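Notes follow once the structure below has been shown.
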Amino acid sequence: MVFLLHILLYSLPLLFFSIFFLFKWLPTSKPQRNLPPSPPKLPIIGNLHQLGSFPHRSLQSLAQQYGPLMLLHLGSKRVLIASSADAAREVMKTHDLIFSNRPKSSVGSRIFYDKKDVAFSPYGEYWRQLKSISMLNLLSNRRVQSYRRVREEETTLLTEKIKQASSSSSVVNLSEMFASLSNNVVSRVALGRKYGESSKSGRKFKELLKDVGELFSAFNVGDYIPWLVWLNQIRGLNAKVEKIAKELDEFLEGVIEDHMDSKKKESNGGGSIDQAKNQQDFVDVLLEIQRENMQEFFLQRDSIKALIVDMFAAGTDTTSTALEWTMTELLRHPKAMKELQNEVQGIARGKPEITEDDIEKMQYLKAVIKESMRLHPPVPLLLPRESTQDVKVMGYDIATGTQVIINAWAIARDSSLWEEAEDFRPQRFLKTSTDFKGHDIELIPFGAGRRGCPGIQFARTVNELALANVVHQFDFTAPGGAREEDFDITEAPGITIHKKYPLLAFATPCSLASVLAS
């Protein structure tokens, strides 16, 4: 009996060892998945080291080696990278519903009130209600047109600032002026007043918006390697997020309280200047929806604040960046600048300023902006999506919970889609209906499908009006007698891709503007 027991004890390790290899090496009935190609990965970090400072460029290079649809492992997260129009079309059109979710983001959750906004909210009934409010009540064509006076007034102020600088022969910081324009327009539209550099609250708000942008540009190790989340505490990221979120909330609380006080005064026989002009801002609209329960959906206070943060995060930085890159390309290509000036001044017919009615006739202007957005999409990697179920994309098996990143920058520079893809050629859009509204996947700076940006029309009207008036009234030259091709186009890292250095130029009034001014 003892002998048999010894044999059994000595045989157990061999038995377990044999069973392990049988399960490991013998074929099973479970089918093998056909996964997209992947570059080699390192332990723990996966492919994180291959992203670099400019992920849109690094991912384009990897796609040239591994194909337009590749699977990366960023820490413990599976991330699908779509770098061609066909791959993006399957994600954003064919399987749009399956890829309509957003992955978790600890920074996004904190800044956007536990993701109560449109951009970061998980796909579901709550998101659908907020998207409906945004499209019908905040960013509809009718609502966008109602803010025409705001855009025209702020554009006039922009040209006045340039004129003042030109009269003293000072170099104009166009990057700074475009940023001020977009911030002022969005502030007036969303909050009912400007929060400019002249006030303490304005400087603080501008600083907060800059801080929010930096937070989203910073790498959050906890989102990709959860067991290293404690590093965020050591490096101070958690404390910074909490500080910014608290200060932003205090600012927005003050804005909402001011609007509620104004409403009470109006009810008691008084009224604010904006209300007298029948001009509702976004906060007014959202508070009215909350009061009247217009959507059969109670809009919480945190939801109102999250939506306002959305509007600034999506509407200020991206708009000014688009103008900055467009003017940079025009200054680097004087023939395109001259052709645009000829079109604008020809349609203006002697008027000192361009109106939005004039814009509709300016086809070359629209082509210039499209071409600039093609070469320089403000957010080159669209906000990530996440699959809600297993699905096949381009014949590959994609598992539930896989993140997806669309490289809009790489698609817009695909030589199989665009002739002379690296060149600035606005004329390519004069004979095509291709647009960036989300229907043409080869040009998607605003995204497409359910998760496409709802503010396309708003951004477009600001960009077109500002650009038309600036080139109508001024000629620009490079500082220090530099040649056009010497205008720097180095990028700065971040989610929104700015120029690394501000766009500086000398401005002189065009001859037509000078005659009218005299």
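Name the helices (runs of 4 or more DSSP H) wholly within the range 78-160 that hold at least 2 residues that are over 30 Å from PRO39 (Cα atoms)?
Output list reads 106-111, 125-133, 141-146.
Which of the residues that make up the range 426-448 are in a loop (DSSP other than H, G, I, E, B) and out of contact with any Phe, Trp or Tyr (no Cβ under 8 Å at 6 or more places or on another chain)?
Across the range 426-448, the qualifying residues are LYS431, THR432, SER433, THR434, ASP435, HIS439, ASP440, ILE441, GLY447, ALA448.
Could you list, in sequence order, all residues of the range 230-255 that are surrounded by 15 or more Cβ atoms within 10 Å (Cβ to Cβ) and without any contact (Cβ under 8 Å) to a residue 12 or more places away in the chain?
ASN238
Would you mind telling me which numbered condition in (1) surrounded by 20 or more Cβ atoms within 10 Å (Cβ to Cβ); (2) among the acidic types (Asp, Glu); (3) more than 25 Å from the chain's Cα centre (by Cα) GLU154 fails?
(3)
Tally up the residues in the range 15-40 that are modelled with pLDDT of 95 or more, surrounded by 10 or more Cβ atoms within 10 Å (Cβ to Cβ) and of a type outside the set (Gly, Ala, Ser), please.
Number of matching residues: 4.
Counting just the residues of the range 218-258 that are aromatic (Phe, Trp, Tyr) and assigned to a helix (DSSP H, G or I), which one comes out farthest from ASN47 (Cα to Cα)?
So the residue we want is PHE251.
Take the conditions loosely packed, with under 13 Cβ neighbours inside 10 Å and either within 24 Å of VAL309 (Cβ to Cβ) or in contact (Cβ under 8 Å) with a residue 12 or more places away in the chain (or both) and apply them to SER169. Does it pass?
Yes, satisfied.
Out of all the residues in the range 131-140, is one or more touching a residue at least 24 places away in the same chain (Cβ under 8 Å) and within 29 Å of ILE225 (Cβ to Cβ)?
No, the range 131-140 has no match at all.
Kindly establish whether LEU51 is surrounded by 14 or more Cβ atoms within 10 Å (Cβ to Cβ), modelled with pLDDT under 95 and over 28 Å from ALA306 (Cα atoms).
Taking the combined requirement at face value, the residue satisfies it.
If you take the residues of the range 344-394 that are more than 30 Å from ILE406 (Cβ to Cβ) and among the charged types (D, E, K, R), which of them is farthest from the chain's Cα centre (by Cα)?
ARG349
Which of the residues belonging to the range 90-108 are farther than 15 Å from GLN389 by Cα and surrounded by fewer than 20 Cβ atoms within 10 Å (Cβ to Cβ)?
LYS93, LYS104, SER105, SER106, listed by residue number.
Check ILE81 against each of (1) more than 18 Å from TRP409 (Cα to Cα); (2) at pLDDT 95 or above; (3) β-branched (Val, Ile, Thr) and name the one condition it does not meet.
(1)
Residues in the range 274-287: is at least one of a type in the set (Asp, Glu), modelled with pLDDT of 90 or more and within 23 Å of the chain's Cα centre (by Cα)?
yes
Given the criteria in a helix (DSSP H, G or I) and surrounded by fewer than 20 Cβ atoms within 10 Å (Cβ to Cβ), does LEU215 qualify?
In short, yes.
Give the residue that is farthest from SER320 (Cα to Cα), with candidates limited to residues of the range 203-228 that are among the hydrophobic types (A, V, I, L, M, F, W, C) and under 20 Å from the mean Cα position of the chain (by Cα).
By that ranking, first place goes to PHE219.
Mind counting the residues in the range 82-129 that are over 18 Å from the mean Cα position of the chain (by Cα) and aliphatic (A, V, I, L, M)?
So the answer is 5.
The values are calculated or read from the model by the stated rules, or taken from the named source; none is laboratory data. Note that the structure is predicted; figures quoted are calculated from it, not measured. Methodologically, a virtual Cβ is constructed for each residue, glycine included, from the backbone with ideal geometry; neighbour enumeration extends over all protein chains shown.
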